[in-house]
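Okay, structure first, notes after.
The values are calculated or read from the model by the stated rules, or taken from the named source; none is laboratory data. The model shown is predicted, which means the values in this text are computed figures rather than measured ones. Backbone-built Cβ (ideal geometry, glycine too); neighbour counts: all protein chains shown.
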Amino acid sequence: GDSVTQMEGPVTLSEEAFLTINCTYTATGYPSLFWYVQYPGEGLQLLLKATKADDKGSNKGFEATYRKETTSFHLEKGSVQVSDSAVYFCALSEGSNDYKLSFGAGTTVTVRA
Amino acid sequence: SAVISQKPSRDICQRGTSLTIQCQVDSQVTMMFWYRQQPGQSLTLIATANQGSEATYESGFVIDKFPISRPNLTFSTLTVSNMSPEDSSIYLCTTLAGGAGDTQYFGPGTRLTVL
């Protein structure tokens, strides 16, 4: 079945550091890929998505590129802020007629001032 | 996008009782989903609830434990039956929004604690 493997955390960074969270996937077809973020005490929010190979999703300074050859969708941000402290989830869906999301384990990121 | 509200936002329940969680969407949607997020864990899909048909449950989840209703295109309920402490989780309702491809939008969740 479809699955997502996500870099284990927790990750602790200083402000303005570079952040990478690795995500690889296994899927039988051509999934859509997502990054969701959960800020402390809040619900899950879509951060960015990509629906086909070589697409780049971007939002709030975060980027991730859909790499079919390496089955990866790594999340990156060049300069993190304290406000980026959150739990980040990589997810996929097989969108042809089944929109169920399969989530990775989540990575807790803490950014220190 | 779709705006989703859930009731209650949180509850503390006694073992052996049942709780019904309501999910309301601000627009008509075909597909709704219920997820569970156990403490410190990722999200797990419980079931898919489409209007006009029986809910489809994922492996490990059964209708007797998690009955779902979907009476119309804007509303769904999930009941957690005969609760035990292992049911303590955040329960989330999600839906696909028309015109947004396959992006799912999440409700704020219901934080359930079972004593």
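Some points to look at:
- Unmet requirement for A:Ser93, which otherwise passes all of (1) within 14 Å of chain B (Cβ to nearest Cβ); (2) farther than 10 Å from A:Phe34 by Cα: (2)
- Restricting B:Ser76, B:Ser42, B:Ser69 to residues that are within 11 Å of chain A (Cβ to nearest Cβ) and either within 18 Å of A:Tyr99 (Cα to Cα) or out of contact with any Lys or Arg (no Cβ under 9 Å at 6 or more places or on another chain) (or both) narrows the list to B:Ser42.
- Number of residues in region A:10-36 that are closer than 21 Å to B:Arg36 by Cβ and within 11 Å of chain B (Cβ to nearest Cβ): the value is 2.
- Strands (runs of 3 or more DSSP E) wholly inside region B:1-42 that include at least 1 residues being hydrophobic (A, V, I, L, M, F, W, C) and under 16 Å from B:Ser89 (Cα atoms): B:10-13, B:19-25, B:31-37
- Which numbered condition B:Met31 misses (of (1) within 12 Å of chain A (Cβ to nearest Cβ); (2) within 19 Å of B:Ser9 (Cβ to Cβ)): (2)
- A:Gly41 falls short on exactly one of the conditions (1) surrounded by 14 or more Cβ atoms within 10 Å (Cβ to Cβ); (2) assigned to a loop (DSSP other than H, G, I, E, B), and that condition is (1).
- Among all residues of region A:98-107, there is none that is assigned to a loop (DSSP other than H, G, I, E, B), under 13 Å from the mean Cα position of the chain (by Cα) and among the aromatic types (Phe, Trp, Tyr).
- Number of positions in region A:78-113 that are modelled with pLDDT under 90 and surrounded by fewer than 16 Cβ atoms within 10 Å (Cβ to Cβ): 3
- Meets criteria (touching a Ser or Thr at 6+ places or on another chain (Cβ under 7 Å), surrounded by 18 or more Cβ atoms within 10 Å (Cβ to Cβ), free of Cβ contacts under 8 Å to residues at least 40 places away in the same chain and closer than 30 Å to A:Pro10 by Cα) for B:Ala47: yes
- When B:Gly52 is tested against (1) surrounded by 12 or more Cβ atoms within 10 Å (Cβ to Cβ); (2) in a loop (DSSP other than H, G, I, E, B), only condition (1) is not met.
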